[in-house]
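Below is one structure; the comments refer to it alone.
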Amino acid sequence: MFEQIKLPYEVNGLEPIIDQLTIETHYGKHHAAYTKTFNELVEKAGLTGKTAEEILSNLDSVADETLRKGLRNQGGGYYNHNLYFEAFAPVDKAKHAPTGKLAEKINETFGSFDALKEKLSALATGQFGSGWAWLCTDAEGNLSVMNTPNQDNPYSLGCGVKPILALDVWEHAYYLQYKNLRAEYVKKYFDILDWAVVEKKYEA
Ligand code: MN
């Protein structure tokens, strides 16, 4: 059984960046629904026991097209949101910049931490319609950024990289509070992103 991560903060713990109603709706309704449906589809497809990464990386092995599409969308919805919600901390507790190995690699790859934030922000605001922006790594510890539509992710698209940071730009992630101002939400997102969590994912 796949389960939503337990939020490592209170439902109002990310205010004023993300308000309680947005978390209650996004985590409590949207993410909960993706998780429930994904579990049903996994059982239907006989894939119980596989990890979400395994399922999303091997969608081609599911012959039935409707089931394959369902697993891609619902499995992405389940997996992507765990990565997203797990990486936040209250403004006064979040580690606001990476250090150590990840910081070094960011400087080497993108020039500076600010340059990485600019690249990610551009991908997030530039994603047409619903989707995500990502920071990814590979077996050699290289870093890359990308954006993807809908609930696709680097696994379901066969990119051969592991996502370590997920930035949700579906309207449900910001519309209750920021309305049409996606760029404003993207800018504020970095105030509650906890780089301690991203560093752990990178070093794992
Ligand atoms: Mn979402």
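None of the figures in this text is laboratory data; all of them are computed from the coordinates on show. Note that this is a predicted model, so its numbers are computed, not measured. When we count neighbours, we look across all protein chains shown, and the Cβ atoms used for this are built from the backbone with ideal geometry, even at glycine.
Annotations
- Working ranking of peptides 65-78, 41-54 by packing, defined as the average number of other Cβ atoms within 10 Å per residue, highest first, is 65-78, 41-54.
- The C-alpha atoms of the chain define a longest principal axis, and helix 65-86 lies at about 30 degrees to it.
- The range 87-204: translational diffusion in µm²/s, Stokes-Einstein, Kirkwood Rh over Cα pairs, 20 °C, 1.002 mPa s: 147
- Over the chain: Kirkwood hydrodynamic radius from C-alpha pairwise inverse distances, Å: 17.3
- On the principal axes of its alpha carbon atoms, the range 128-176 extends 40, 16, 13 Å, with the longest extent given first.
- Partners of LYS187 within straight-line reach, counting aspartates and glutamates whose Cα lies under 16 Å from its Cα and excluding those fewer than 8 residues away in the same chain: GLU15, ASP19, ASP114, GLU118, ASP168, GLU171.
- Restricted to Cα atoms, the range 8-50 shows a radius of gyration and a Dmax of 14.4, 43 angstrom.
- The calculated P(r) of the range 1-97, using every Cα pair and 5 Å bins from 0, goes 2, 13, 23, 19, 14, 11, 9, 6, 2, 0 in percent.
- Set of lysines with alpha-carbon distance to LYS44 below 27 Å, sequence-local pairs under 8 removed: LYS6, LYS29, LYS36, LYS69, LYS162
- The range 101-204 - percent relative contact order, Cα under 8 Å, separation 6 or more: 26
- Counting only Cα atoms, the size of the range 43-109 along its three principal axes is 45, 29, 19 Å, in decreasing order.
- Entry note, the chain: relative contact order of 26 percent, from Cα contacts under 8 Å with a spacing of 6+ residues.
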